[in-house]
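Each remark here refers to the structure printed beneath this line.
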Amino acid sequence: MSKVLQVSRVKVEKEPGKNKIKRAQVEGFPDVIRMGVHGGIAQFFKLSVTEPMVSTLDYIVAAVGGCMTGTVAGALEARGVSADPSKLQVEAEGQIEDVDGKMILTSIKLHYTLKVPKDKRATVERALERHEGLCAASESVRRGITVTWDSKIEEEAESASQQSAQSSAAD
């Protein structure tokens, strides 16, 4: 049985113009996160990008990497092992593939580099074996996140191009 702990609310807007740039703002926080495309993602969409930006899929990789790093760091520190940047470094890599004509993030791999005291190696190995199941982001992605949507459409006056077409037809 599950219990709602929090509802995350994020306002997302596309920036004006013909681009793939979006702005996201998490409720309760002042910073705006800008997302766009770069590299293979831009190539997939056949775009010439003037402002390469971190993509939405990059943020998913970073979220899982950040959560897993925090989880393993907490496990290490609870066992008396330092998780400072000089002792724990993490690289997250997401594989983005063209699957049946759709761009899909198919895997996320994390590589940990740890410097630990000799007498703590077995303890660290046990912490590594158990940490993934404690990471909310990894578990959410692994289990599959239900995505639903609804819409509210409000009609406005006719667009300028439609009005122009109607006045030309009347002439």
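The values are calculated or read from the model by the stated rules, or taken from the named source; none is laboratory data. Treat the numbers as computed from the prediction; the structure is a model and nothing was measured. Neighbour counts are summed over all protein chains in view; Cβ atoms, including those assigned to glycine, are modelled from backbone coordinates with ideal geometry. These accessible areas exclude ligands, DNA and RNA; they are computed on the full protein's heavy atoms, side chains included. Shrake-Rupley method; radii C 1.70, N 1.55, O 1.52, S 1.80 Å.
Odds and ends about this structure:
- Scanning region 140-151 for residues that are open to solvent by 100 Å² or more (accessible area, probe 1.4 Å) and part of a loop (DSSP other than H, G, I, E, B) yields Ile145, Thr146, Val147, Thr148, Trp149, Asp150.
- Pair list, Cβ under 6 Å, 6 or more apart: region 96-123 residue without any contact (Cβ under 8 Å) to a residue 60 or more places away in the chain and over 18 Å from Asp58 (Cα atoms), other residue open to solvent by less than 60 Å² (accessible area, probe 1.4 Å) and in a strand (DSSP E or B): Tyr112/Val90; Leu114/Leu88
- Meets criteria (of a type in the set (Lys, Arg), within 18 Å of Ser8 (Cβ to Cβ) and not in a helix (DSSP H, G or I)) for Arg34: no
- Selected residue (only one of Ser82, Ser86, Ser48, Ser55 is closer than 21 Å to Arg142 by Cα, without any contact (Cβ under 8 Å) to a residue 60 or more places away in the chain and among the small types (Gly, Ala, Ser)): Ser55
- Exclusive hit being at pLDDT 90 or above, in a strand (DSSP E or B), open to solvent by less than 50 Å² (accessible area, probe 1.4 Å) and touching a Gly at 6+ places or on another chain (Cβ under 8 Å), set Ala92, Ala137: Ala92
For (1) modelled with pLDDT of 90 or more; (2) exposed (fewer than 10 other Cβ atoms within 10 Å of the Cβ); (3) of a type in the set (A, V, I, L, M), each residue gets a yes or a no:
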| site | (1), (2), (3) |
| --- | --- |
| Ile108 | yes, no, yes |
| Tyr112 | yes, no, no |
| Arg121 | yes, no, no |
| Gly133 | no, no, no |
| Ile153 | no, yes, yes |
| Ala160 | no, yes, yes |
| Ser164 | no, no, no |
| Asp171 | no, yes, no |
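- Flag if Ala127 is touching a Leu at 6+ places or on another chain (Cβ under 8 Å), within 18 Å of Ala75 (Cβ to Cβ) and not in a loop (DSSP other than H, G, I, E, B): yes
- The set of residues from region 74-89 being open to solvent by 80 Å² or more (accessible area, probe 1.4 Å) and polar (S, T, N, Q) comprises just one member, Gln89.
- Among residues of region 18-73, those that are open to solvent by 70 Å² or more (accessible area, probe 1.4 Å) and among the small types (Gly, Ala, Ser), counted: 2
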